[in-house]
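Beneath this line is the structure, given in structure tokens, with notes to follow.
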Amino acid sequence: MKKHYSIWGLMGLCAMLLLGSCRSDYTQMVESEAKNPTPTEDLYFGFKVGQNRKQFFDRCWELNKMGKVTQGPNNKTVQHTFETAEEGQTSIIYEFYGIFNPDQVMTGLDMGFYFEAWAPWNTDLYAEKLIPQIKDSLVKWYPGNEFKSIFLKELDKEVWIKIDGSRQILLYPKNEKEITAKLEDLRYKYPEIYE
């Protein structure tokens, strides 16, 4: 009888290990950080997750009056230029826009970064070269965990990801010129995990 129980116990242990190994690195990160109650509403430039669309535009207007932002290309983004202190290095363009749910509540930010003087023939200013600087900046703006490189099935590519509590930031080269970054509040994306 004891052998019977130990065989079932061994089979159960094997099944748990197999199921655990099937969960992706991403899923494990999300589930681990869902247990972390760290507040993550505050965003760079004084924006907040949970603001409505009008509050987002009001803040953009204030920043524009202070000379900190302008409208981006085709009036589809907000744009800020980071002047670099290093001699001979070009400025970095930061474009962003709120992500809004159907109730017009901001649940995150779409962001893009590129060197102002980017040109197809200047490989020193390609997006890949900019990633370390942007990772450093985002970790300063949004303290907590470091970025990790993982394969994200939804995008079918390697990305840099950082999850702190309910705040997730994805970062990857969009093309030779631009880095795409997306900040999302996972309480809106995965309400069943972040109850």
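Details
- Ratio of Rg to Rh over the chain (Cα coordinates, Kirkwood Rh, two decimals): 1.10
- Segment E62-N101, extension gain: residue separation times 0.36 nm, minus the distance between their alpha carbons: 11.7 nm
- Under the simplified labelling scheme, the T38-D25 pair shows an inter-label distance of 1.9 nm, with each label point 7 Å from Cα along Cα→Cβ.
- The residues E128, E62, when put in order of fewest to most other Cβ atoms within 10 Å, stand as E128, E62.
- Ordered by the number of other Cβ atoms lying within 10 Å of each residue's own Cβ, fewest first, W121, W61 fall into the sequence W121, W61.
- Unsatisfied cross-links (Cα-Cα over 26 Å) in the set K135/K174; K76/K135; K48/K129: K48/K129
- Between W141 and E128, the distance separating the two model label sites (each 7 Å from Cα on the Cα→Cβ line) works out to 2.4 nm.
- Placing R0 at 22 angstrom, the Cβ-Cβ distance between K76 and E176 gives a FRET efficiency of 0.60 after rounding to 0.05.
A short reminder: the numbers here are calculations on the coordinates, not readings from a lab. On a predicted model such as this, the values are computed, not experimentally measured, just so you know. Neighbour counts are summed over all protein chains in view; Cβ atoms, including those assigned to glycine, are modelled from backbone coordinates with ideal geometry.
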